[in-house]
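Participant: One structure follows; several queries about it will come next.
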Amino acid sequence: MSDPTNPKNRDDQSLAFETLAIHGGQSADAATGAVVPPIYQVSTYKQDGVGGLRGGYEYSRSANPTRTALEAAFAALENGVAGFAFASGLAAEDTLLRALCKPGDHVVIPGDAYGGTYRLFAKVLERWGLDYTPVAQQDLDEVRAAVRDNTRIVWCETPTNPLLNVADITALATVARDADAKLVVDNTFATPALQRPLDLGADIVVHSTTKYLGGHSDVIGGALVTNDATLADELAFHQNAMGAVAGPFDAWLVLRGIKTLAVRMDRHCDNAERIVRMLREHDAVTEVRYPDDDEVARKQMTRYGGMVAFRVAGGEQQALDVCARTRLFTLAESLGGVESLIEHPGRMTHASAAGSPLEVAGDLVRLSVGIENAEDLLADLRAALA
Ligand SMILES: *Cc1c(COP(=O)(O)O)cnc(C)c1O
């Protein structure tokens, strides 16, 4: 009888997301039967004679069994043919950009991209000779107008950080295809639990697994997933040639996090929806940013995630005061963990964007809504806003 836990004997495509999060690409350890992949904390592998590799492993930059298990999970969750695990989200982005572009090429990027992504283009890759144009990615005419003969990538982030703007992935895929460019989607905020860009026409998905995929604020990591075999070969070559891989323990932590991704995202969404309802009615709040009221988001997301941004009446000092007064919402950068976080983008995550087109308003507060009890979270925010 064929072993149903062996991914080769299973049609993962027929499994629901909650099941894939636990079993996608996974099988019991071949050597011991361990039901989860062990941490193969090892750099090199004994060869049975020159070139005689056992199980295909020779050196852990090229491949490591714990990382292989994580990469199979990435591919299963995003419905791709291959996944790749990196030391950070930015390491994944850097590897992707060098794999697909060369000096003299051009990339269209969101005007409100994640600050670190913007800095990678503006302060690192521009010096290498990669040109870029920031656009409002909601405006398809502006995206189309920014495309040039040498455009290799249309880069999309949706929803965006920190304003939760939504871009139409299917429409951008058409723009990219018409330009003979690739569509890259940073799916960090939505996660594959809520949005699957490859199914909507994207060529490559990027993640900071530091956030929801890891989910416990205890690891830095990144991922790339593609459904194109040729691109997969390019990415595999560059992952090994550039070497910014995830270590075995970090890979194991992200894999462990992914097992609960579906249930965590359900609770992140439940809690965020409750908080959004409260904030929208609060006198001290002038605007709430959450994509549940966006037509495109309704079309391409199943729910709208755990990230919420809002503007505080009065201005920057009032926003800073709210950040200082919460007790359950911890004042910290990053997002996507089980614990609720609060931050002031203008002074913290997006401080490097000051004076650039990405500068954010001083009265803006960003929440990463965790999976604590909703009533406790509401009480904490109400007290801070009082
Ligand atoms: C955090 C983040 C990144 C960068 O990932 P690191 O793991 O911090 O390198 C990229 N994109 C988005 C949307 C992020 O939130």
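The values are calculated or read from the model by the stated rules, or taken from the named source; none is laboratory data. In this text the structure is predicted, and so the values were computed from the model without any measurement. Here the Cβ positions follow ideal geometry from the backbone for every residue, glycine too, while neighbour counts run over all protein chains shown.
Participant: Got a number for residues in the range 99-131 being more than 24 Å from Ala232 (Cα to Cα) and of a type in the set (Ser, Thr, Tyr)?
Facilitator: Result for the range 99-131: 2.
Participant: Identify, by number, the condition in (1) away from the ligand (no atom under 16 Å from the Cβ); (2) surrounded by 19 or more Cβ atoms within 10 Å (Cβ to Cβ) that Glu58 doesn't meet.
Facilitator: Only one criterion is unmet by Glu58, namely (2).
Participant: How many residues does the range 212-226 contain that are surrounded by 24 or more Cβ atoms within 10 Å (Cβ to Cβ) and closer than 19 Å to Val308 by Cα?
Facilitator: Total satisfying the criteria: 3.
Participant: Can you name the residue in the range 100-118 that is touching a Ser or Thr at 6+ places or on another chain (Cβ under 9 Å) and among the aliphatic types (A, V, I, L, M) and is also farthest from the ligand (Cβ to nearest atom) among such residues?
Facilitator: Residue satisfying both the conditions and the ranking: Val108.
One line per residue, one yes/no per condition, for (1) more than 19 Å from Glu157 (Cβ to Cβ); (2) surrounded by fewer than 23 Cβ atoms within 10 Å (Cβ to Cβ); (3) away from the ligand (no atom under 16 Å from the Cβ):
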position: Met265; (1), (2), (3): no, no, no
position: Lys299; (1), (2), (3): no, yes, yes
position: Gly315; (1), (2), (3): yes, yes, yes
position: Cys323; (1), (2), (3): yes, yes, yes
position: Thr326; (1), (2), (3): yes, yes, yes
position: Gly337; (1), (2), (3): yes, no, no
position: Pro345; (1), (2), (3): no, no, no
position: His350; (1), (2), (3): no, no, no
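Participant: Let me ask something else about it. Count, please, the residues in the range 33-42 that happen to be small (Gly, Ala, Ser) and surrounded by 10 or more Cβ atoms within 10 Å (Cβ to Cβ).
Facilitator: 1
Participant: Still on this model: Mind checking which pairs have a first residue in the range 114-125 that is not assigned by TED's automatic domain parsing to the domain that holds Ala351 and a second that is buried (at least 17 other Cβ atoms within 10 Å of the Cβ) and part of a helix (DSSP H, G or I), Cβ under 7 Å, 6 or more apart or different chains?
Facilitator: Every condition considered, the pairs that remain are Gly115/Ala353; Gly116/Leu90; Thr117/Glu93; Tyr118/Ala353; Leu120/Leu90; Leu120/Glu93; Leu120/Asp94; Leu125/Leu97.
Participant: When Asn161 is evaluated against the numbered criteria (1) at pLDDT 95 or above; (2) within 11 Å of the ligand (Cβ to nearest atom); (3) of a type in the set (S, T, N, Q), which criterion, by number, is the only one it fails?
Facilitator: For Asn161, the failing item is (1).
Participant: Among Phe121, Phe189, which is within 11 Å of the ligand (Cβ to nearest atom) and not acidic (Asp, Glu)?
Facilitator: Phe189
Participant: Could you figure out which of (1) within 12 Å of the ligand (Cβ to nearest atom); (2) among the charged types (D, E, K, R); (3) part of a helix (DSSP H, G or I) isn't true of Glu142?
Facilitator: (1)
Participant: May I ask you to say which residue of Ala136, Ala122 is aliphatic (A, V, I, L, M), surrounded by fewer than 17 Cβ atoms within 10 Å (Cβ to Cβ) and either in contact with a Lys or Arg (Cβ under 6 Å, 6 or more places away or on another chain) or at pLDDT below 95 (or both)?
Facilitator: Result: Ala136 is the single residue among Ala136, Ala122 that is aliphatic (A, V, I, L, M), surrounded by fewer than 17 Cβ atoms within 10 Å (Cβ to Cβ) and either in contact with a Lys or Arg (Cβ under 6 Å, 6 or more places away or on another chain) or at pLDDT below 95 (or both).
Participant: A further question on this structure: Is there any pair with a first residue in the range 265-289 that is in contact (Cβ under 8 Å) with a residue 40 or more places away in the chain and a second that is among the β-branched types (Val, Ile, Thr) and part of a helix (DSSP H, G or I) whose Cβ atoms are under 9 Å apart and which are 6 or more apart or on different chains, and what are they?
Facilitator: Listed by first residue and then by second, the contacts come to Ala284/Val322.
Participant: Just to be sure, is Thr230 of a type in the set (Val, Ile, Thr) and in a loop (DSSP other than H, G, I, E, B)?
Facilitator: no
Participant: Please go through the range 255-300 and pick out each residue that is touching a helix residue (DSSP H, G or I) at 6+ places or on another chain (Cβ under 7 Å) and not in a helix (DSSP H, G or I).
Facilitator: His282, Ala284, Val285, Val288, Tyr290, listed by residue number.
Participant: Can Leu194 be described as surrounded by 22 or more Cβ atoms within 10 Å (Cβ to Cβ), in the same structural domain as Ala146 (by TED's automatic domain parsing) and either in contact (Cβ under 8 Å) with a residue 60 or more places away in the chain or assigned to a strand (DSSP E or B) (or both)?
Facilitator: When the stated conditions are applied, Leu194 passes them.
Participant: Pull out all pairs, ordered by first then second residue, where Cβ-Cβ is under 6 Å, the residues are six or more apart or on different chains, the first lies in the range 66-83 and is farther than 7 Å from Val225 by Cα, and the second is of a type in the set (Gly, Ala, Ser) and in a helix (DSSP H, G or I).
Facilitator: Filtered contacts from the range 66-83: Thr66/Ala251; Arg67/Ala251; Leu70/Ala251; Val81/Ala229; Val81/Ala232.
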